[in-house]
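The next block holds one structure in the form of structure tokens; read it before the comments.
Bear in mind that the values in this text are calculations on the coordinates, not laboratory data. On a predicted model such as this, the values are computed, not experimentally measured, just so you know. Note: ideal-geometry Cβ built from the backbone for every residue, glycine included; neighbour counts use all protein chains shown.
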Amino acid sequence: MSWEIICKTGDVQDDFPYSAKVDGKEVGIYRVDGEYYALEDVCPHAYALLSQGFVEDGQVECPLHEAVFDIKTGKCLREPADRDLHVYPVRVVDDTVQLQLNSEG
Ligand code: FES
């Protein structure tokens, strides 16, 4: 399992997640309560990037049809999306945010 540097910690704001494309995968990097989280970024419902959605209280709302997901767990909290998001392992080393992308089963 290898860790990949995705961005700087300063690139991620509580209100403005960071959109990354790594190895062909779109990933959204979020910060909630000072911790970093990485979620699959393409909404399971149709094509929208969740990192461009509305973030509040540890949840992100899809910008297209307003499905809601829990940022810490990826859990789908509101339709029309019908499944949870994949969550990637994250670690912070110095001022970099690193992900393990090959953890997808
Ligand atoms: S594309 Fe996200 S809810 Fe429809």
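Assorted remarks:
- Between Ser2 and Glu79, the contour length at 0.36 nm per residue exceeds the Cα-Cα span by 24.3 nm.
- Residues in segment 20-33 carry Karplus couplings, in order, of 10, 10, 10, 6, x, 9, 8, 9, x, 9, 10, 10, 9, 6 Hz; the curve used is 6.51 cos²θ - 1.76 cosθ + 1.60 with θ = phi - 60°, and Gly or Pro positions show x.
- Convex hull volume of the C-alpha atoms in the chain, normalised per residue: 87 Å³.
- Of the GluC sites (Glu not before Pro) found in segment 1-95, those that fall in a DSSP loop while having at most 15 other beta-carbon atoms within 10 Å are Glu66.
- Annotation for Glu35 and Gln13: the two label points, set 7 Å from Cα along the Cα-Cβ direction, are 2.4 nm apart.
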